[in-house]
Amino acid sequence: MNYWLFKSEPNTWGWDNQVAKGEAGEEWDGVRNYQARNFMRDMKLGDLGFFYHSLKEKSVVGIVEVCAEVHPDSSTDDPRWECVDIKAVKSVVTPVSLDQIKAHPDLGDMVLVKNSRLSVQPVTPEQWRIVCKLAGIDA
């Protein structure tokens, strides 16, 4: 299993929107960055990810699961853009802020710290474990 982080502006698509989609999940569409698209190409069914609210909140607020592997992005006719579908698994007990992540000595190499603008990014198993612990949930 691999781990990921999905960033979204909560006023565009927030955690509550994701939860409302239930078991069917939702396309993670609209990504127009080649690196982020390529990460989605690497995703497999059952991979887990952090759902991260960007902008003002800047925090991990939930856990999602990849429920459909890469396929054409329905929000465009351009065949270069693909996406996966994700479904909400659970909310975190305590949101984990970007400031907390940056301050943690073992999370300095997270892509979120080094390239905070990337909307889809990998998370190592160790980073996953640490952020889950900070969030008050089992890894």
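The values are calculated or read from the model by the stated rules, or taken from the named source; none is laboratory data. The model shown is predicted, which means the values in this text are computed figures rather than measured ones. Heads up, the Cβs are rebuilt from the backbone with ideal geometry, glycines too, and the neighbour counts pull from every protein chain shown. Surface accessibility is based on the protein's heavy atoms, side chains included, excluding ligands, DNA and RNA. Shrake-Rupley method; radii C 1.70, N 1.55, O 1.52, S 1.80 Å.
Here are some notes:
- Placing unit charges on each Cβ (+1 for Lys and Arg, -1 for Asp and Glu) gives the chain a dipole about its Cα centre, and among L118, L134, F6 the Cα reaching farthest toward its positive end belongs to L134.
- GNM top mover of A88, A20, A68 - the chain, alpha-carbon springs below 10 Å: A20
- Helical content alone sets the calculated 222 nm signal of the chain at -6500 deg cm²/dmol, taking -39,500 (n - 2.57) per DSSP H segment of four or more residues and averaging over every residue.
- The chain - accessible surface per residue (Å², probe 1.4 Å): 52
- Residues with amide H under 5 Å from that of G62, placed H, sequence gap 5 or more: F51, V92
- Whether segment 15-92 is rounded, prolate or oblate, judged on the alpha carbon gyration tensor where a/c under 1.5 counts as rounded: prolate
- Packing here is the average count of other Cβ atoms within 10 Å per residue, and on that basis the peptides 47-55, 119-127, highest first, run 47-55, 119-127.
- Simple spin-label estimate for A24 and D99 gives 4.0 nm between the two label positions (7 Å along the Cα-to-Cβ direction from each Cα).
- Close amide-amide hydrogen proximity is noted between C83 and H71, D73, each under 5 Å apart and 5 or more residues distant or on a separate chain (H modeled in the peptide plane; Pro and chain starts excluded).
- Cα centroid of segment 91-132 to Cα centroid of segment 53-73, whole Å: 13
- For the chain, the fraction of 1.4 Å probe accessible surface lying on carbon and sulfur atoms is 48 percent.
- Near the amide H of S54, within less than 5 Å, lie the amide hydrogens of S8, E9, all on another chain or at least 5 residues away, with H placed in the peptide plane.
- Solution diffusion estimate, µm²/s, Stokes-Einstein, the chain, Kirkwood Rh from C-alpha pairs, 10 °C, viscosity 1.306 mPa s: 107
- Straightening the chain between S75 and E9 buys 22.0 nm, computed as 0.36 nm per residue apart minus the Cα-Cα spacing.
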